[in-house]
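A quick write-up on the structure given underneath.
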Amino acid sequence: MTAIVRVGIIGCGMVAEEYATTLAASPLVRLTTCADADPARADAFGGRHGIPATEPGSVLDPNIIDLAVILTPPHTHHALALEAIAARVPGVWSEKPLALTPGDVAQVVAEADTAGILLGAAPDTTLGPAFVTAHEAVRTGRIGTVLSATATLMSTGLKRWHPSPEPFYAQGAGPLGDMGPYYLAALDELLGPLQVHAATAHTRKVRTIRSGPAAGKHFTAQAPIHIGALLTSADGVPVTLTASFDAAATRTPRIELQGTRGALVLPDPNFHTGDVLFAEYGTFTWEPLPPTSGAPRMTGRGMGVIDLATALTQGTAPACTGARAARVAAVSDAILRAAARPHRALLTPPHQHGTAHAEGTTTIAKESTR
C-alpha cells in the first residue's frame with residue numbers, strides 16, 4: 001500500500017461533491033479518477049476536481065486505485081461492490097445501503113472477507129464529533145445504566161421540495177430504507193445489536209409532487225411511509241423507533257437515551273455535527289455537553305472513506321464495517337416483515353386482526369432479525 005491512498009469514485013451525483021470536498025481536506029487520500037453511467041456527468045465532475053473520467057468498469061483496477069467509493073443509486077450497490085471485490089481493489093466503500101436485501105448484504109460481506117478486502121459502508125455520521133461525544137457519555141456512565149431509548153424520524157418527506165421524489169418512495173426505500181440506516185447505525189453503535197419485537201406500518205399511497213417541472217403530478221408510494229417498531233438491545237434495553245414521511249411538524253428529539261443518572265439527546269444522525277444535550281436525573285435542565293477530547297475536527301460525508309484508508313495503511317479495522325451494515329439491513333428487513341404480518345394486537349378483542357386505516361393498514365407482529 002502506498003503512503004497516499006488512491007481513491008476512485010463511481011457515481012458523480014450530488015453526494016459525490018460532498019465526498020470530494022471532504023477527501024480533498026485529507027493528506028492521506030487522493031481522488032484520482034471517477035466514473036458515472038452518464039459520461040457527461042463524469043466528465044463534468046472530473047473537470048471540477050482535476051481528475052480523469054472513465055467508464056465505471058475501468059475504475060475498478062487496483063493498478064489505478066486503492067479504494068473504490070460507490071455512490072451510485074442503491075439498486076446498483078450490490079453488483080458494483082462484488083465487481084470491486086472480484087477485481088481485488090484493496091478497499092471498497094459503499095453508500096447506504098450496501099445492498100437492498102439482507103442476503104445480498106451478507107454475500108458482499110462474505111466475499112470481501114474471503115478475498116481479504118477491507119469493506120466499509122455508510123453511514124459515517126457516527127464518526128462525527130456529535131456522536132463521538134454522545135458515545136463517550138454512554139461509555140463512561142455519564143447517564144448511568146441505559147434504561148430506554150427512542151429514535152424518531154418525523155419528516156414531511158421529499159415530495160415537498162425534491163423535483164423527482166419517486167425513487168425515495170419505491171420498494172425498499174421510504175423513511176426506513178432511505179433515512180433509517182442513520183438511526184439504526186447510531187443505535188447499534190450506542191447499544192449493540194438490536195432485536196425486532198413488533199412493528200406497525202401505514203401508507204397513504206397516492207403522493208403529489210410539490211416542486212419542480214412535475215409539480216402537481218401524482219405517483220404511488222410502494223414503501224410504507226409511516227413505521228413504528230419496538231426493538232431491544234442485547235442487554236434488554238427497550239428501543240422505540242418511529243420513521244415517517246407523513247409528519248406535518250415535530251419537536252420530538254431525534255434520539256434520546258434515558259439512564260439511571262440522567263438523559264441524553266443526540267442531534268440528527270443524518271449529520272456529523274450538532275449539540276449533544278444532557279440532563280442530570282431530576283433536574284429537567286438540558287445543557288450541551290462539551291465535545292470530547294477525542295472528537296474529530298474535520299467533518300463531512302467521506303469521513304468513513306478516510307477512516308477506511310487509515311485502516312488500509314495501518315492494518316487496522318475500519319469503524320464503519322460491512323458487518324454493521326449487515327446488522328442494520330437485517331433489522332430493517334425484520335421491521336418490514338413484522339409490519340407486513342397481521343397479528344392480534346394486545347388491546348383488541350381476539351377476533352380482530354389489525355386496524356384498518358384510510359389508504360393503508362396497521363399491523364403488529366413479532367419478527368426475529370436472525
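Quick check: anything in segment 109-130 crowded, with 23+ Cβ neighbours inside 10 Å and among the polar types (S, T, N, Q)? Scanning segment 109-130, I find at least one residue that is crowded, with 23+ Cβ neighbours inside 10 Å and among the polar types (S, T, N, Q), so the answer is yes. Can you pull out every residue in segment 239-261 that is surrounded by fewer than 22 Cβ atoms within 10 Å (Cβ to Cβ) and in a loop (DSSP other than H, G, I, E, B)? 246, 247, 248, 249, 250, 251, 252, 253, 254, 260, 261, listed by residue number.
Please specify each residue of segment 183-199 satisfying the condition of being farther than 17 Å from residue 101 by Cα and part of a helix (DSSP H, G or I).
Listed by number, the residues that qualify are 183, 186, 187, 188, 189, 190, 191.
Restricting segment 119-133 to residues that are touching a Phe, Trp or Tyr at 6+ places or on another chain (Cβ under 9 Å) and of a type in the set (A, V, I, L, M), the residue that is modelled with the lowest pLDDT is 130. The set of residues in segment 166-222 being under 30 Å from residue 133 (Cβ atoms) and among the charged types (D, E, K, R) consists of 178, 188, 189. The number of residues in segment 1-17 that are under 20 Å from the mean Cα position of the chain (by Cα), in contact (Cβ under 8 Å) with a residue 60 or more places away in the chain and surrounded by 19 or more Cβ atoms within 10 Å (Cβ to Cβ) comes to 3. Among the residues making up segment 18-50, a single one is of a type in the set (D, E, K, R), surrounded by fewer than 16 Cβ atoms within 10 Å (Cβ to Cβ) and either in contact with a Leu (Cβ under 8 Å, 6 or more places away or on another chain) or in a loop (DSSP other than H, G, I, E, B) (or both): 38.
Looking only at segment 167-182, residues that are under 24 Å from residue 124 (Cβ atoms) and in a helix (DSSP H, G or I) come to 10 in all. Of the residues making up segment 175-185, not a single one is of a type in the set (Asp, Glu) and either over 16 Å from the mean Cα position of the chain (by Cα) or surrounded by fewer than 19 Cβ atoms within 10 Å (Cβ to Cβ) (or both). Somewhere in segment 215-229, is a residue assigned to a loop (DSSP other than H, G, I, E, B), more than 19 Å from residue 331 (Cα to Cα), of a type in the set (Val, Ile, Thr) and without any contact (Cβ under 8 Å) to a residue 60 or more places away in the chain? Among the residues of segment 215-229, not one is assigned to a loop (DSSP other than H, G, I, E, B), more than 19 Å from residue 331 (Cα to Cα), of a type in the set (Val, Ile, Thr) and without any contact (Cβ under 8 Å) to a residue 60 or more places away in the chain, which makes the answer no. Scanning segment 42-59 for residues that are in contact with an Asp or Glu (Cβ under 8 Å, 6 or more places away or on another chain) and modelled with pLDDT under 95 yields 56, 57.
Kindly check whether there is at least one residue in segment 271-278 that is without any contact (Cβ under 8 Å) to a residue 12 or more places away in the chain and surrounded by fewer than 18 Cβ atoms within 10 Å (Cβ to Cβ). Scanning segment 271-278, I find no residue that is without any contact (Cβ under 8 Å) to a residue 12 or more places away in the chain and surrounded by fewer than 18 Cβ atoms within 10 Å (Cβ to Cβ), so the answer is no. Within segment 66-81, being touching a strand residue (DSSP E or B) at 6+ places or on another chain (Cβ under 7 Å) and either assigned to a strand (DSSP E or B) or modelled with pLDDT of 95 or more (or both) holds for 66, 67, 68, 69, 70, 71, 77, 80, 81. Scanning segment 195-222 for residues being more than 30 Å from residue 146 (Cβ to Cβ) and out of contact with any Phe, Trp or Tyr (no Cβ under 6 Å at 6 or more places or on another chain) gives a total of 17. The residues listed here are 150, 140; of these, the one that is modelled with pLDDT of 90 or more, on the phi < 0 side of the Ramachandran plot and not assigned by TED's automatic domain parsing to the domain that holds residue 211 is 140. Of all residues in segment 73-86, none satisfies being in contact (Cβ under 8 Å) with a residue 40 or more places away in the chain, over 30 Å from residue 170 (Cα atoms) and either surrounded by fewer than 24 Cβ atoms within 10 Å (Cβ to Cβ) or not basic (Lys, Arg) (or both).
The values are calculated or read from the model by the stated rules, or taken from the named source; none is laboratory data. Computed from a predicted structure; not experimentally measured. All Cβ positions, glycine included, derive from the backbone under ideal geometry; neighbour counts span all protein chains shown.
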